Amino acid sequence: MTLHLLLLLNFAVAACLTGLIWTVQVVHYPSFGLVPKAAWPAFHAAHTRRMSYVVLAPMVLELGLAGWLAWAGRTALPGGAGWWNLGLVVLIWSATFFISVPFHNRLEQGFDYVAIDGLTRTNWLRTLAWTVRAGLLGWLLV
């Protein structure tokens, strides 16, 4: 596979996930507070299950493609851009599993406005990291 095609695939996945995370950040997570407490357990269970279908495969693909790009572009990309790209993916995965998942585990126990607020606020880290990643890859493609 050419480096250009690898960059393009990385950008496509990053752009998809960036659009998704902005939707989650601006629309989805803030709407959690509008769910009636009685409906919360069913809502959160459905959200978790359905969101897994949407994000799991693209995130795994993203990790693999970012690792491949870091290795393949180690001498060709300027300023270690491939490694910076991979670092952003590692940051996103770390924030997901060490920040977002614990908040979702807390919300699994029941409606908790403080946890919803914490999830929404800390999700900015992932939102910005994905945005920077898409921007970096776009810049590399130009």
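Among the residues examined, residue 129 does not qualify as under 25 Å from residue 46 (Cα atoms), of a type in the set (Gly, Ala, Ser) and part of a helix (DSSP H, G or I). Within the range 83-141, the residues that satisfy the criterion of being farther than 29 Å from residue 7 by Cα and hydroxyl-bearing (Ser, Thr, Tyr) are 113, 120.
Return the residue satisfying two criteria in turn: it lies in the range 109-133 and is small (Gly, Ala, Ser) and surrounded by fewer than 19 Cβ atoms within 10 Å (Cβ to Cβ), and of such residues it is farthest from residue 48 (Cα to Cα). Step through it out loud before you land on a result.
First pass over the range 109-133, keeping only residues small (Gly, Ala, Ser): 110, 115, 118, 129.
Those left that are additionally surrounded by fewer than 19 Cβ atoms within 10 Å (Cβ to Cβ): 110, 118.
Working: 110: 13, 118: 17 Å.
If we take residues in the range 109-133 being small (Gly, Ala, Ser) and surrounded by fewer than 19 Cβ atoms within 10 Å (Cβ to Cβ), then 118 is farthest from residue 48 (Cα to Cα).
Of the residues making up the range 51-82, those that are under 14 Å from the mean Cα position of the chain (by Cα), under 21 Å from residue 4 (Cα atoms) and among the aliphatic types (A, V, I, L, M) number 5.
Restricting to the range 16-42, name every residue that is of a type in the set (A, V, I, L, M, F, W, C) and within 21 Å of the chain's Cα centre (by Cα).
Answer for the range 16-42, where residues must be of a type in the set (A, V, I, L, M, F, W, C) and within 21 Å of the chain's Cα centre (by Cα): 16, 17, 20, 21, 22, 24, 26, 27, 32.
Could you please find all residues in the range 103-127 being among the polar types (S, T, N, Q) and farther than 22 Å from residue 89 by Cα?
In the first step, residues of the range 103-127 are kept if they are among the polar types (S, T, N, Q); the result is 105, 109, 120, 122-123, 127.
Once the filter is applied, which keeps residues that are among the polar types (S, T, N, Q) and farther than 22 Å from residue 89 by Cα, the range 103-127 yields 105, 109.
In the list 82, 118, which residue meets the criterion of being free of Cβ contacts under 8 Å to residues at least 40 places away in the same chain, touching a Lys or Arg at 6+ places or on another chain (Cβ under 9 Å) and closer than 21 Å to residue 26 by Cα?
Details: 82 fails: closer than 21 Å to residue 26 by Cα.
Result of the check over 82, 118: 118.
We did not get these values from a lab; they are worked out from the coordinates using the rules stated. All values reported here derive from a predicted model rather than from experimental measurement. For neighbour counting, all protein chains shown are included, and Cβ atoms are generated from backbone atoms with ideal geometry for every residue, glycine included.
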